[in-house]
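Q: Just dropping this structure here.
The values are calculated or read from the model by the stated rules, or taken from the named source; none is laboratory data. Predicted model, so just to flag it, every value in this text is computed and none were measured. Cβ: placed from backbone, ideal geometry, glycine included. Neighbour counts: every protein chain shown.
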Amino acid sequence: MSSTIFTHCDFDGAASAAIVSYCLKTDQFHFATPNNIYKQAVSVHDIICDLPYISGCHLWFDHHATNIQELKDRGLNPENIEGANRIAPSAAQVAFEYFSPTHELPEYFSELVKAANIVDTMDYDSIESWLAATPMNILNDTININSESYPAMSHHLAWLTRQLRDEPLEAVAGSDKIQSRWAQKLVTREKDIEFIEKLHSFIPEDEDRQIVVIDCSNLSFAPKFNKTLGLVIQPTAQYILLIANEVSYGRKTNNLKISVAKNFLTPSDKQLGVFMEELKLGGGHDNAAGGVIRAGSKNERLRKLKDFQLDLLDYINS
């Protein structure tokens, strides 16, 4: 029976799936988020990359400390899970190192892994290098085009995964399809910066203006942009917090999706993934994490959001 690779809808998700696809000759992909992977029909034949472990899957490749800890909390030993899981810069690196001893991998996979490591950990030395038109940045920035639906983005990601499997990074970035998307992205990036400039704020208790808050929960639409662009406007801020409505079957719910990231240019020992997990909201990396605030009413949502913002402020000041 054929298998499907369930993977994260980001660059590392595509990169890790590309490596697994090459080695296992699997060509079916399904893209998910850390929250909705639990709702997917994962079978005993399927493989999961860069997402939380689902019991019964055939193989699991992951690098998130919170996902590995979640297994231990369930009384499971991560070392007994088929595949490979360990704390690393990317799931692509975990998959690459798993298959390297037994498979002859293309030389261009080394560059793919390096790119995934940089992109997933935001290992840049300046805002300018993060925005530069390098192959890895172009491919990462063109995954999500503002006007695209989630199914359309997933379709693009499946195409991208196959290209990353079959061609070097530079060749994929230089393709007509990617260059067309890149031209669109450059236009929307400027609009995104203008949008964030109008929308961003700081909570009153944040006297040092450490957390740029981008609250989209009062909007009638769901904007798609990279929250880290907030650093273009507030480069001295230490964190960026994005708040958006959770949508179910096309309708807004009382729940809020939250994601928070560090200023990648400022060293910090704070573990955002662990922080989110301890609040039982979600998880992620040390440098970036996300989750969901669940509420039964608008008043409860506002109260829980305020509590979360104060908890975050206390945490980064501790």
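Q: Criterion first (at pLDDT below 95, under 25 Å from P101 (Cβ atoms) and hydrophobic (A, V, I, L, M, F, W, C)) does A65 satisfy it?
A: It is true that A65 is at pLDDT below 95, under 25 Å from P101 (Cβ atoms) and hydrophobic (A, V, I, L, M, F, W, C).
Q: Can you say whether Q309 is at pLDDT 95 or above and of a type in the set (S, T, N, Q), as far as the supplied structure shows?
A: yes
Q: When you go through L241, L229 one by one, which is the residue that is out of contact with any His (no Cβ under 8 Å at 6 or more places or on another chain), assigned to a helix (DSSP H, G or I) and buried (at least 19 other Cβ atoms within 10 Å of the Cβ)?
A: Only one candidate qualifies: L229.
Q: Those residues that are part of a loop (DSSP other than H, G, I, E, B) and of a type in the set (S, T, N, Q), I need them from the range 256-279; list them, please.
A: The answer is N263, T266, S268, Q271.
Q: A further question follows. Just give me the residues in the range 271-293 being acidic (D, E) and either at positive phi or over 13 Å from the mean Cα position of the chain (by Cα) (or both), in sequence order.
A: Residues satisfying the conditions are E277, E278.
Q: Residues that are in contact with a strand residue (DSSP E or B) (Cβ under 6 Å, 6 or more places away or on another chain) and assigned by TED's automatic domain parsing to the domain that holds A171: which helices (runs of 4 or more DSSP H) entirely in the range 18-122 hold 1 or more of them?
A: 65-73, 91-99
Q: Hey, any hits in the range 293-309 for a residue that's over 25 Å from Y124 (Cβ atoms), surrounded by fewer than 18 Cβ atoms within 10 Å (Cβ to Cβ), β-branched (V, I, T) and touching an Asp or Glu at 6+ places or on another chain (Cβ under 9 Å)?
A: Within the range 293-309, not a single residue is over 25 Å from Y124 (Cβ atoms), surrounded by fewer than 18 Cβ atoms within 10 Å (Cβ to Cβ), β-branched (V, I, T) and touching an Asp or Glu at 6+ places or on another chain (Cβ under 9 Å).
Q: With respect to T253, is the statement that it is assigned to a helix (DSSP H, G or I), in contact with a strand residue (DSSP E or B) (Cβ under 7 Å, 6 or more places away or on another chain) and closer than 20 Å to T33 by Cβ true?
A: no
Q: State whether one or more residues within the range 20-36 are under 24 Å from E278 (Cα atoms), surrounded by fewer than 24 Cβ atoms within 10 Å (Cβ to Cβ) and in contact with a Phe, Trp or Tyr (Cβ under 8 Å, 6 or more places away or on another chain).
A: Yes, the conditions are met somewhere in the range 20-36.
Q: Does S3 qualify as being closer than 25 Å to V274 by Cα and either among the acidic types (D, E) or outside any helix (DSSP H, G or I) (or both)?
A: no
Q: If you don't mind, another one. Does any residue of the range 230-253 turn out to be without any contact (Cβ under 8 Å) to a residue 24 or more places away in the chain and among the acidic types (D, E)?
A: no
Q: Of the residues that sit in the range 124-166 and are of a type in the set (S, T, N, Q) and farther than 25 Å from Q234 by Cα, which one is surrounded by the most Cβ atoms within 10 Å (Cβ to Cβ)?
A: T161
Q: Within the group Q184, Q238, which residue is within 29 Å of F275 (Cα to Cα) and not assigned by TED's automatic domain parsing to the domain that holds P106?
A: After applying the criteria, what remains is Q238.
Q: Ok, one more. Could you tell me whether S220 is under 24 Å from Q69 (Cα atoms) and either surrounded by fewer than 15 Cβ atoms within 10 Å (Cβ to Cβ) or not assigned by TED's automatic domain parsing to the domain that holds I127 (or both)?
A: No; evaluated as a whole, the condition is false for this residue.
Q: Among (1) in contact with a Pro (Cβ under 9 Å, 6 or more places away or on another chain); (2) modelled with pLDDT of 95 or more; (3) of a type in the set (V, I, T), which single condition is T7 missing?
A: Tallying (1) in contact with a Pro (Cβ under 9 Å, 6 or more places away or on another chain); (2) modelled with pLDDT of 95 or more; (3) of a type in the set (V, I, T), T7 fails exactly one: (1).
Q: Same structure again: Inside the range 167-179, can you point out the residues that are surrounded by 12 or more Cβ atoms within 10 Å (Cβ to Cβ) and in a helix (DSSP H, G or I)?
A: Of everything in the range 167-179, those that are surrounded by 12 or more Cβ atoms within 10 Å (Cβ to Cβ) and in a helix (DSSP H, G or I) turn out to be L169, E170, A171, V172, A173, K177, I178, Q179.
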